[in-house]
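In what follows, a structure is listed as structure tokens, so that the remarks can point back to it.
The values are calculated or read from the model by the stated rules, or taken from the named source; none is laboratory data. Computed from a predicted structure; not experimentally measured. Cβ coordinates were reconstructed from backbone atoms using ideal geometry, including for glycine residues, and neighbour counts include every protein chain displayed.
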Amino acid sequence: MKNYWTKTKIDKLSSLWAKGTPAREIAEKLGNVSRNAVIGKANRLGLSKKLKEKESANSKNLNVNGLIASMKGCKWPIGHPGDEDFYFCGKEVIPGKPYCGEHCLVAYRRKDSSQKIKKFFKLSTD
Ligand SMILES: [Zn+2]
């Protein structure tokens with residue numbers, strides 16, 4: 001295994017790693033190498049730092065999306081996504097709507113006329 005890391009393999013590792021390919025997959029693609037060996041080599045090549053930054057950016061997005069999907073309450077965003085104090089309202093929503101009453105009002109006021117708000121609330125209270 002001493003001469004495992006040929007230039008071709010290193011190039012392949014670098015390009016796959018840069019794309020954010022999981023170490024396990026890189027190992028499979030390169031063949032005859034363990035996931036740990038791939039990670040170790042990437043570390044020695046100084047590739048791992050780049051990936052970590054990428055991963056944290058991705059996981060932040062994933063967290064927000066996952067949060068929205070798993071949330072039961074109002075999905076009105078408070079603050080700016082990415083900020084530390086960013087959160088979703090989370091109050092009880094109006095059935096069939098993604099927001100609580102308060103934020104439905106804001107949302108509908110933004111999008112449309114007050115007539116639509118009235119219509120919306122008439123429908124929702126029936
Ligand atoms: Zn709300």
So, of the residues in the range 18-45 that are under 20 Å from Asn3 (Cβ atoms) and β-branched (Val, Ile, Thr), which turns out to be surrounded by the fewest Cβ atoms within 10 Å (Cβ to Cβ)? Ile39
Kindly evaluate Lys72 against the criterion of being out of contact with any helix residue (DSSP H, G or I) (no Cβ under 7 Å at 6 or more places or on another chain), at pLDDT below 85, within 13 Å of the ligand (Cβ to nearest atom) and of a type outside the set (Phe, Trp, Tyr). yes
Quick one: which of Gly82, Gly40, Gly66 is at pLDDT 60 or above and in a loop (DSSP other than H, G, I, E, B)? Gly82
